[in-house]
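*Asks:* I am attaching a structure below and will ask some questions about it afterwards.
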Amino acid sequence: MNKYFIKKVSKILAGNPQKKGMVLKTRIVTPKKPNSARRPVAKIFLVNKKQTVAHIPGIGHNLRKHSNVLIRGGGARDLPGVSYTCIRGVYDLNSVLNKNTRRSIYGVSIPENKKLKLRRKFRQG
């Protein structure tokens, strides 16, 4: 098989797109040079008995010890050792408040005033 077609598989996720886990600890880390910020991360114990560190995207979060989260691959590029991201709006991690752009990343459903009107054929009532 050609080496260019080999799919990279994360050992933590075991070939799955997402995994469920439980938060052991939340903390704030600073990125490597030249960036400067305070980024929230969580240490997570997954259902396959492995531990990892995942980034919590967006502004604010409600994660505590023993909260359930769903993680996916792809972490913050400037945080060393953080290769996973928590998915907002699933299990105990709330979606971001007052988010209008890039809503799918932050678990926000479409606002009522932006919903498309259904054609008469498909309307209820």
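The values are calculated or read from the model by the stated rules, or taken from the named source; none is laboratory data. These numbers come from a predicted model, not from an experiment. Methodologically, a virtual Cβ is constructed for each residue, glycine included, from the backbone with ideal geometry; neighbour enumeration extends over all protein chains shown. We work out accessible area using only protein heavy atoms, side chains counted, and drop any ligands, DNA or RNA first. Shrake-Rupley method; radii C 1.70, N 1.55, O 1.52, S 1.80 Å.
*Asks:* With r defined as the distance between the Cβ atoms of Ser104 and Asn48 and R0 fixed at 30 Å, what FRET efficiency is calculated, to the nearest 0.05? Kindly include the intermediate steps, with their values, before the conclusion.
*Replies:* Working: r = 26 Å, r/R0 = 0.88.
My answer for the efficiency is 0.70.
*Asks:* When the scattering of the chain is computed by the Debye formula from its Cα atoms alone, each counted once and equally, what is log10 I(q)/I(0) at q = 0.13, 0.14, 0.16 Å⁻¹?
*Replies:* -0.63, -0.70, -0.83
*Asks:* Longest segment of the chain with no trypsin sites (Lys or Arg not before Pro) in a DSSP loop having at most 12 other Cβ atoms within 10 Å?
*Replies:* Answer from the scan: 78-101.
*Asks:* Kindly report the accessible area of the chain per residue (heavy atoms of protein chains, probe 1.4 Å, no ligands, DNA or RNA), in Å².
*Replies:* 77
*Asks:* Which far-off residues, 5 or more places away or on another chain, put their amide H under 5 Å from the one on Lys19, with H placed in the peptide plane?
*Replies:* Counting only residues 5 or more places away or on other chains, the set is Ile71.
*Asks:* Can you compute 3J(HN,Hα) from phi for each residue in the range 46-62, using the Karplus curve 6.51 cos²θ - 1.76 cosθ + 1.60 with θ = phi - 60°, rounded to whole Hz and x for Gly and Pro?
*Replies:* Taking θ as phi minus 60°, the curve returns 7, 5, 8, 6, 10, 10, 8, 10, 10, 7, 9, x, x, 8, x, 7, 10 Hz for the range 46-62.
*Asks:* How much solvent-accessible surface does Val47 expose, in Å² to the nearest 10, with a 1.4 Å probe and all protein chains in place?
*Replies:* The accessible area of Val47 comes to roughly 90 Å².
*Asks:* Residue separation times 0.36 nm, minus the C-alpha to C-alpha distance between Gln124 and Gln18: what's the value?
*Replies:* Numbers: separation 106, 0.36 × 106 = 38.16 nm, distance 3.55 nm.
Gain on stretching Gln124 to Gln18: 34.6 nm.
*Asks:* Where the accessible area of the chain is counted over protein heavy atoms with a 1.4 Å probe, how much of it, in %, is carbon and sulfur?
*Replies:* Answer for the chain is 51 percent, counting heavy atoms of protein chains only.
*Asks:* Could you pull out the pairs from Lys49/Lys99; Lys32/Lys99; Lys43/Lys99 whose alpha carbons sit more than 32 Å apart here?
*Replies:* Beyond 32 Å between Cα atoms: Lys49/Lys99.
*Asks:* If you don't mind, there's one more thing I want to ask. If you stretched the chain out fully between Asp78 and Arg38, how much longer would it get, using 0.36 nm times the residue separation minus the C-alpha to C-alpha distance?
*Replies:* Net length gain for the segment: 13.3 nm.
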